[in-house]
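Visitor: Can you read through this structure? Questions will come right after.
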Amino acid sequence: MDPRLPRALAAHLSSANVSEVVYGTVIGLALVVALEAHPPAAAATAVTIVTTAVAVGLAELYSELVGARLRRRGGPGERDSVGAGVAAVVAGAAFPAVFFVLAAAELIELDTAFTIAKWSGLGLIALYGWCAARLDGAPHHKALMHAGAVALIGALVIAVKALVH
C-alpha cells in the first residue's frame, strides 16, 4: 500500500468492496443517462436512483446468499463480507442522487445535476482504475492508460445514449 495515501482511502482501496463500488457506480451512471432523456423532477430522480440502488443491493444480497448456500459456507465472516459488499453496491449506485437532492433544494439546476452526475461517475470509475494500477505497481503513465481503458465503460454508456437519443 502506498504510504502517501490517507489510511481510510488505502484501507478502502485494498478491501474486497472496491469492485462492488465500481459495479454500483456503473449502474448509477447507466440510470442517470437513461433518465436524462425524459427527466422527471429532481426529487423524483433522486428517489428513483436511491430505490434502484436499494433494489440492486437486494439483488446482490440475494445472489450472494444463494451462492453461499450452494457453496455450503456462509458462516458469520462470509455474511459480514456480503453485507459490506451489498452496502458498497448501494453506495456506488445511489451516489448520483446527491446531485438531484441539491437540484430539488434549488441549489443547482436539474441539467447541471445530470451533467455532474454523469461526469463524476465517469471520473470515479477512472480514478478507481488509476488507483488499482498504481497500487499494483504500475508507473504513472501506465496507470493513466489503465484509467482511460476502464473509463471507456462509462464513456460507452454515455455514447450509446447520445447515439440512441
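The values are calculated or read from the model by the stated rules, or taken from the named source; none is laboratory data. As the structure is a prediction and not an experimental result, all values here were calculated from the model. Because the Cβ atoms are built from the backbone with ideal geometry, glycine has one as well, and the counts that use them run over all protein chains shown.
Visitor: Show the residue pairs meeting these rules: Cβ distance below 9 Å; 6+ apart or different chains; first residue within the range 96-118 and on the phi > 0 side of the Ramachandran plot; second residue part of a helix (DSSP H, G or I) and modelled with pLDDT under 95.
Guide: none
Visitor: Output the residues belonging to the range 41-72 that are under 16 Å from Lys118 (Cα atoms) and of a type outside the set (A, V, I, L, M, F, W, C).
Guide: Thr45, Thr48
Visitor: Out of (1) under 19 Å from Thr52 (Cα atoms); (2) buried (at least 20 other Cβ atoms within 10 Å of the Cβ); (3) within 16 Å of the chain's Cα centre (by Cα), the odd one out for Val98 is which?
Guide: Evaluating Val98 over (1) under 19 Å from Thr52 (Cα atoms); (2) buried (at least 20 other Cβ atoms within 10 Å of the Cβ); (3) within 16 Å of the chain's Cα centre (by Cα) leaves (2) as the failure.
Visitor: Going through Gly83, Gly154, Gly92 one at a time, which residue ends up being at pLDDT below 90, out of contact with any Leu (no Cβ under 6 Å at 6 or more places or on another chain) and either crowded, with 18+ Cβ neighbours inside 10 Å or assigned to a helix (DSSP H, G or I) (or both)?
Guide: Just one listed residue meets the conditions, Gly83.
Visitor: Taking the range 103-116 only, how many residues are surrounded by fewer than 21 Cβ atoms within 10 Å (Cβ to Cβ) and closer than 15 Å to Thr48 by Cα?
Guide: 2
One line per residue, one yes/no per condition, for (1) basic (Lys, Arg); (2) modelled with pLDDT of 90 or more; (3) in contact with a Cys (Cβ under 6 Å, 6 or more places away or on another chain):
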residue	(1), (2), (3)
Pro96	no, yes, no
Ala103	no, yes, no
Ile108	no, yes, no
Ala117	no, yes, no
Leu122	no, yes, no
Tyr128	no, no, no
Arg134	yes, no, no
Gly137	no, no, no
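Visitor: Right, something else. Tell me the residue from Ile27, Ile116, Ile125, Ile108 that is outside any helix (DSSP H, G or I) and of a type in the set (A, V, I, L, M), please.
Guide: The unique qualifying residue is Ile108.
Visitor: Taking interchain pairs and intrachain pairs at least six residues apart, which have beta carbon atoms under 7 angstrom, with the first residue in the range 38-63 and within 15 Å of Ala94 (Cα to Cα) and surrounded by 16 or more Cβ atoms within 10 Å (Cβ to Cβ) and the second at pLDDT 95 or above and among the aromatic types (Phe, Trp, Tyr)?
Guide: Between residues of the range 38-63 that are within 15 Å of Ala94 (Cα to Cα) and surrounded by 16 or more Cβ atoms within 10 Å (Cβ to Cβ) and residues that are at pLDDT 95 or above and among the aromatic types (Phe, Trp, Tyr), the close pairs are Ala42/Phe100; Thr45/Phe100; Ala46/Phe100; Ile49/Phe100.
Visitor: Has the range 46-54 got at least one residue that is of a type in the set (Val, Ile, Thr), part of a helix (DSSP H, G or I) and over 15 Å from the mean Cα position of the chain (by Cα)?
Guide: The answer is yes; a qualifying residue exists.
Visitor: Okay, moving on. Within the range 101-147, which residues are closer than 29 Å to Thr45 by Cβ and among the charged types (D, E, K, R)?
Guide: Glu106, Glu109, Asp111, Lys118
Visitor: For residues in the range 117-145 being aliphatic (A, V, I, L, M) and surrounded by 19 or more Cβ atoms within 10 Å (Cβ to Cβ), which is farthest from the chain's Cα centre (by Cα)?
Guide: Step by step, filter the range 117-145, then rank; the result is Ala143.
Visitor: Here is a follow-up. Taking Gly57, is it more than 27 Å from Val164 (Cβ to Cβ) and either among the aliphatic types (A, V, I, L, M) or modelled with pLDDT of 90 or more (or both)?
Guide: Answer is yes for this residue.
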